[in-house]
Structure formats: structure tokens, C-alpha cells
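Working notes, beginning with the structure itself.
The values are calculated or read from the model by the stated rules, or taken from the named source; none is laboratory data. Given the structure is predicted, the values throughout are model-derived calculations rather than measurements. All Cβ positions, glycine included, derive from the backbone under ideal geometry; neighbour counts span all protein chains shown. Keep in mind that these areas ignore ligands, DNA and RNA; they rest on the heavy atoms of the full protein, side chains included. Shrake-Rupley method; radii C 1.70, N 1.55, O 1.52, S 1.80 Å.
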Amino acid sequence: MTGPQMLRFALALGLSAAVMPAGAAEDTHHGHHGHEPPATAAPAQQAPVPQIPAPTDAERAAAFPDLDGMEHAHGMDTPDMLYLLLDQFEWVDADHGGALRWEAIGWWGNDERRLWLRTEGERADGETGRAELQLLFGRPLARWWDLLTGLRHDTEPGPSQTWLVLGVQGLAPYWFETEATLFVGESGQSSLRLEVEYELLLTNRLILQPLLEINAYGEDDPARGLGSGLASTEAGLRLRYEIRREIAPYLGVSWEKRHGDSADFARQAGEDVSDTALVAGIRLWY
Amino acid sequence: MGISRRRFVQGLALGGVAAGFGLSRAGWGKGYPDGPQTLRGSEFDLTIGETTVNYTGRPRIATTINGTLPGPTLRWREGDTVTLRVHNRLAQTSSIHWHGILLPANMDGVPGLSFRGIPPGGTYSYQFRLRQSGTYWYHSHSMLQEQTGLYAPLIVEPREPEPFRYDRDYVVMLSDWTDEDPHRVFAKLKKMPEYYNFNQQTLGDLLRDIRGEGFRPALAERLMWGQMRMKPTDIADVSGYTYTYLMNGVTPAGNWTGLFRPGEKIRLRFINGAAMSFFDVRIPGLKMTVVAADGQNVHPVTVDEFRIGVAETYDVIVEPDADAAYTIFAQAQDRSGYARGTLAPRAGMSAAVPAPDPRVLLTMADMGHGGMEHGGMDHAAMGHGAHGGLTHPASETGNPMVDMQTMMPAPKLDDPGIGLRDNGRRVLTYADLKSLFDDPDGRTPGRTVTLHLTGHMERYVWSFDGIKFADAEPLRFSYGERLRVELVNDTMMEHPIHLHGMWSDLEDEHGRFKVRKHTVNMPPGTRRSFRVTADALGRWAFHCHLLYHMEAGMFREVRVDEGGAT
Ligand SMILES: [Cu+2]
């Protein structure tokens, strides 16, 4: 990262702290106000009250031995972990030739704070057509949702550009894996991306994964062929077989369509407005 | 199921400790009474070390005591003072906790709470007087060593004659072995909690249900679970996919065998020393008379089957009349595998092994949601006292680490449990357990401490009241007081809750003393209470005995001191 990018990333981290709802961070109050007697009070019992002798000093010492600071070690939280998911790593057999496409996420951290990595892109004819990398800071926002803030850097298409990122991701009702992300670019460009995924178990190892992604932009960006408003829709259907949970080859189809001004830009450039392709790839995670 | 799968569940016939103490596996198979090795007396030297084992065809390093898995059975005598010099030959700190034994806190063996742990190369001398008798066990309380083999049976012979007779006495210790590094198992659960569940509902199940129940009911049920983002197949976090279930350290294929002469009464001391697995135990063809639970004598009750939670113990008596073999069948609660052994008049005999029962599915009622009509409710909004006076702690509300709250929990003491109802067999319930002695502390509890068992399946976080151990203040008990601990299970899983140092005197729904236990099992949707006499000064562990739940935060310190209770 360059100096200004670093600064922006730091700002983004600050932002994420500021927008955290109080409840998420301060739920550590010890609340025992659930006391209530059982339905019927205990009947009076006749057994004698036990004689519990006062402890001796030796017993007190044995009860609270000197642990030499070790007591804190026992209170350690779940250790930081690393997760990497190469969700799509595939060969795309498109109308105008083949391409290699990837989409991956990863995180490092614990339950309360994680550093996230997201990357996706495409290479065809030995050239990178599209590549972006997001570095985000994530915290739990609600039961099923995490809040992510950070930076996105695109090296392609067109001149490279950097965005501020504010995103929500999680599990919507009925098991829809959902990501809604707002990007604000250096030049004032803004963009919204919505991604929804579902996993349909044909068997416990054969899994059909439909996916839908929608991109919208705040203003025209002719240099990159992007028009304001709804710009593109992408749908995919991938059938994978989990040889192990971590290793799953797949086959599928992907369908892309450009809308509005973006479609016009594509037509002007002599490109197709919609594209259907077969894909074959592998899904891996650690 | 292919051959490899079958082999995995069954393990190797000769699996186990490859080198160590010189007793061949064949020797165990001939009915060695207590598993690998028995030590008696009042002075013991135990060495924690590493031993190569092979349960699946792949050699692995186990953590062992005196080179065996399980470790040696210790036979003590009530009233004796025992001394145990425990030597640690591991490269990491280790510990031994004497599960269910009353003792001074610095003998309890919980690093960071009651002692510093046993450093590599070090020795710790445990010494305490035995104030109880019965069937117990001991295990490591350091990191995940318990999963790799550091557990063993513990028997305290009573001073007074027992109220039942038997001719033979066998320990049946059940456990779960994985070839994986337990830290990797934990990491997988954190990243993908359904990793080990290959019993999830599929499209085929939906189509079958549609044919059976009709389109609308089948779909409505799927939508209800989907709305809650829960799965009715969430029975066990870790399954037979990785586990080989062991009986006295022997695989199902190895077939641990206990010998008998027809007509003898055999006492079987069942101990669940698994890290994560509940077992449903039966011996087809034999009735089992339960005479003790967690080491405490109960009014005998005769059953066909019982569920044993992690860390619980049950003593049963069986009387095989025929000159025939009987299978001791202990299927894992999620039906993904089983531990198995044989009672036989002669070595080498075996009986038919039952097929595991069908897959178990949770219902809304199981989780304390009072039936299907509650589907589609906003569970996040069910915060405060809307149902039957149930209040959830404020720390659960808006807490991203709490995925659900029960609405209508009930004691369910007479419920055989998920997957055991109406199976045509007489199944033991907590309602059947009646102590042979009265409440030893006749006082009515002076106060009630309520704790909710909480968690988040998808984040794989477990806690009490939504607060993980790392963020929690100790629970404070005042020395000498009699109090009630009430537990409400707000999760969809079953948790065996264990209090160290003191007894948990289980009550019925009317607050009447039932039975004295050290581990109280809490199925989903239950609210159960027990009384505690805080007669043991010190800092005690209080936790779920599912190893990875404890590791993920379902743990509290209970501090008993002479100050006033708060
Ligand atoms: Cu638990």
C-alpha cells in the first residue's frame, strides 16, 4: 500500500469502531436477573442442618494457592485462526474464448475481530481483465451479521483505483449467504454490490450452489465501461462434489448481463451485452 | 456405505496401544476386568506421556497415563488418604482432575484455577482423603489432552456394604478417538460448524417428506427451520466421520469382552469418558438394573436402555442366564457410529450387533419452542418474560454471540430424550433416578442462581448467559450456604454441566431432592435445577463437559469464599 492508502485504511478502521453498535461491544454485563423460584416451593425438610466447620488457615491456603499470575493465562480467549476459502477457481468457456476466474475470501482473527481478505478477478489470453483486492476489518454486528470496513484496490480494468468499503455480510433467513457492500471511490465514484448464495444439498456431498450478484454505480465511468444505475447482473449455478469438505471440484454455468448505460458502453465497444458460459473449477478451503 | 466407511467406524480389530506395557490386545479381549490395567492401594505413581496407537490403520501419538489408553483403573477405598505422584513427560503443561471427587481445591487439578499445572518434566503430588465411594473417572484438564487419550476409570470401594449383590465387576469406559489433531478439529468447527455432519437433510429427504406429508406441511417445516437458521440434524458437533468409538480403549472390531458364568450377576460400571459423544447403551436380550448414577446409589430401576452424557457414570447389574454371548451396544447419539463389546461365557464368542437407529431429527418442541405453531416468530424479539415468567438475562439480548433463546423450557425429567422416545424399549430418564439417601443438607436453598446455556452454532461460540469464560466474572458462593443453581438451555444442543468440588443435588420440578450428581445433563429446551452446599472453599471450575464447548467458552469459575455472597 502507498502512504495515502495506508492512511485511508487506518481511517476505515476508525470508522468501523465508530459505527459499532454499543450493544455488540458492551454485552458483557453480568446479568442474573432471571431468578425466580420453581413452580412449587421446596417442602420444608426434616434433615438436620449440616455442621460446616470454619476452615483452618491451612485449609484456606490450600483453597487459594498462589498461582503466580497464572490465573490470567486460564482466562485466555479462543486463539486467533486463519481461514482461507477459494470459492471459485475455474475455467470459463465463454462465447469469445476461455478465461480463468477466481473468487476467494479469507480471515484471520477471533470471534470479536477479524481481518478479512476478499479478492476476485479474471485472466484471459495471458492478460488480467479484472482484478480487485479488499482488505477489511470485521466485527459481529448482530446475531447473523458482521460489519466489514476497509479498502478495495482494483488493478484492472482501466487505471487502478482505490475504494473505501462498508459492508454487511451474514446469513439471511432460509440460509441465504448474503453480502451487501457499498464502495466509495477516490474520484467520488460510488458503487453498490449485492451477492446472495444458497447451498442446496442433493446429497451430503453433492451440493448445488446458485448465486446471484448485482452491481450498481453512482455515475458514469466510460473509461471502465460502467454506466450509472444498475450496471450488471451475474447468476451462476455450480454443482460441486465434496471429496472432503475442503476439496470440491465443480461444474456449472454462469450468465452475465449488462444493463442501462453499461450495456450501451459495451455495445459501443463491440462487446456482448450478455454472456453465458460453462465453468469447471475447484473449491478449496483451509 | 463403502468398505472404508465401515472400517472407519469399526476400527481395527487389533487397534490400540502399539507398544507400552506388554499386555497384548488379545489379552484384553479375553475379558480383562477393568480395561488395560488396574492399580490398587493408597499410593500411586502415574506418568503422563506419549504412546503410539493405531485404531484405523494409521499410527498416531496418543497422550496416555502409564502408557495405556484409557489409563490405569484406580481402585481406592473410602476413608483412605490417597497419594498420587503424577509425572509429566510431555513437552507441554499437563494436569489430572479427579472427576466427581470431593477434595481441597489445590488437589482438583485445574491449571490456572486451583494449581499451576504440572510443567514438562515436573511432578505434582496429589493427596486427599476419600469422603465418598462409587464409580468415577479422572482426566486431563489441560488444553485438549483429554481428546487424545488422557482419561481413565476411578473406583472408590465403600466402607459400608452395598445395598446390592453381584458376582463380577467390570468397568465399561466409553470414549471417542480421532486420528486428527484436536486443535484442528476445533478449528474446523469454528470455520464450518457442520463439517462433521454428513446426516443433513437433502433434497431427496424433502421430496420424500412431500410424498409422505404433502407439499405444504413438508415445505412449512423446512421454512420454519430455515427462518431460524437452524438445522434439525444438529445432534452432535463431531461424528463418526472422524471418531472411532471405543469401549475400554478397544474398537468395535476389536470387541472388548467380559466373561461370565451363566446365572451370575454382573456389575457393569459405565463411564462416559468421551470428549464430545453421548451414547445410548443397551444389551439386546438383557435387562439392566441401574443401581447407581454418578457414583451415588439409587433405588434400583430396570431398563432396556439408557443415555449416558459425557462425564456421567451409571452402574448397572445384569444377569445373563443363557450360555450365550450378549452385545454391549453403545451407539453415538447422532447414530454415526457405535462402541461395542461383548459379555460371553467364553472368549472369542460374539452376538449380533444391532444396526444403529435411524437418523435423529430435532423438533421445535425439543428446543422449548412449544410446538410448530411458533415457527416464523422473531426469536430476537423474545427477550423478556413473554412466556410463562421466563426471563432471559440482559446479556443475551442483542448479543451477536447468542443465536436463539428458548421460549417454553421445561424440566423434562421424564423424557427419555431426543431419538429415544417411543422406540419400544424402556429407556431410563432422570425421573427414574431416586437417591437411596435423603437430601444430606436439609436446608431450603437460601437463593437461586440462574444461568442460561447459550451459544451460536454458526459462529461456534458457547457460553453462559451469552458471556464467554474469557469475559466473565466468577460466580460467587458464600462458604457454608445452601443455594439453588437453575439452568436454562437456550441452545439446540445437549450439554452435560459439571460443577467441581461440590455435589449437584438434582431436584424435580417441585423442588424436591432427587439424586446427587456431579454432572447434570441439559437437553435442549430444558430448565433444571440442583442444590449446592458450598462447603468447599476455593476456585472451582463449572463447565459444559463437551470438550470443544468448554474450549469455546462454556465455562465459569465458581468462587467459594468466606465473604458474603453477591
Ligand atoms: Cu456444551
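Filtering region A:77-101 down to residues that are closer than 30 Å to residue A:113 by Cβ and of a type in the set (Asp, Glu), which residue is farthest from the chain's Cα centre (by Cα)? Looking at residues that are closer than 30 Å to residue A:113 by Cβ and of a type in the set (Asp, Glu), I get A:77.
Check whether at least one residue in region B:143-164 is open to solvent by 50 Å² or more (accessible area, probe 1.4 Å) and on the phi > 0 side of the Ramachandran plot, and report yes or no. Within region B:143-164, one or more residues are open to solvent by 50 Å² or more (accessible area, probe 1.4 Å) and on the phi > 0 side of the Ramachandran plot.
On the given criteria, is residue B:541 among the aliphatic types (A, V, I, L, M) and assigned to a strand (DSSP E or B)? In short, yes. For region B:467-474, does any single residue satisfy the condition of being outside any loop (DSSP other than H, G, I, E, B) and open to solvent by less than 10 Å² (accessible area, probe 1.4 Å)? Yes: one or more hits. From the list A:154, A:125, the one residue that fits, being in contact with a strand residue (DSSP E or B) (Cβ under 8 Å, 6 or more places away or on another chain), open to solvent by less than 40 Å² (accessible area, probe 1.4 Å) and not β-branched (Val, Ile, Thr), is A:154.
Among the residues in region B:95-107, are any touching a Phe, Trp or Tyr at 6+ places or on another chain (Cβ under 8 Å), open to solvent by 20 Å² or more (accessible area, probe 1.4 Å), among the polar types (S, T, N, Q) and within 14 Å of chain A (Cβ to nearest Cβ)? For region B:95-107, residues touching a Phe, Trp or Tyr at 6+ places or on another chain (Cβ under 8 Å), open to solvent by 20 Å² or more (accessible area, probe 1.4 Å), among the polar types (S, T, N, Q) and within 14 Å of chain A (Cβ to nearest Cβ): present. Only one entry in A:178, A:203 is under 23 Å from residue A:85 (Cβ atoms), within 14 Å of chain B (Cβ to nearest Cβ), open to solvent by less than 70 Å² (accessible area, probe 1.4 Å) and over 25 Å from the mean Cα position of the chain (by Cα), namely A:203. Scanning region A:234-259 for residues that are open to solvent by less than 50 Å² (accessible area, probe 1.4 Å) and more than 16 Å from residue A:94 (Cβ to Cβ) gives A:240, A:242, A:245, A:246, A:248, A:250, A:259. Among all residues of region B:192-209, there is at least one that is touching a strand residue (DSSP E or B) at 6+ places or on another chain (Cβ under 7 Å) and open to solvent by 50 Å² or more (accessible area, probe 1.4 Å). Here the condition is being within 16 Å of the ligand (Cβ to nearest atom), out of contact with any helix residue (DSSP H, G or I) (no Cβ under 8 Å at 6 or more places or on another chain) and hydrophobic (A, V, I, L, M, F, W, C); of B:542, B:555, it holds for B:542 alone.
Candidates are the residues of region B:476-528 that are of a type in the set (Val, Ile, Thr) and within 14 Å of another protein chain (Cβ to nearest Cβ); the one that is farthest from the ligand (Cβ to nearest atom) is B:485. Residue count for region A:131-151 under the criterion of being over 15 Å from residue A:169 (Cα atoms) and either crowded, with 17+ Cβ neighbours inside 10 Å or within 14 Å of another protein chain (Cβ to nearest Cβ) (or both): the result is 3. Taking the conditions exactly as written (within 16 Å of the ligand (Cβ to nearest atom), open to solvent by 10 Å² or more (accessible area, probe 1.4 Å), under 30 Å from residue A:171 (Cα atoms) and aromatic (Phe, Trp, Tyr)), does residue B:464 satisfy them or not? For residue B:464, the condition - within 16 Å of the ligand (Cβ to nearest atom), open to solvent by 10 Å² or more (accessible area, probe 1.4 Å), under 30 Å from residue A:171 (Cα atoms) and aromatic (Phe, Trp, Tyr) - is not met. Restricted to strands (runs of 3 or more DSSP E) entirely inside region B:40-126, those with at least 3 residues that are within 30 Å of residue B:253 (Cβ to Cβ) are B:43-54, B:60-65, B:73-77. For the structure I just gave you, tell me whether residue B:81 is open to solvent by 20 Å² or more (accessible area, probe 1.4 Å) and modelled with pLDDT of 95 or more. In short, yes. Count of region B:428-461 residues, restricted to those that are in a strand (DSSP E or B) and either more than 8 Å from chain A (Cβ to nearest Cβ) or within 16 Å of the ligand (Cβ to nearest atom) (or both), is 8.
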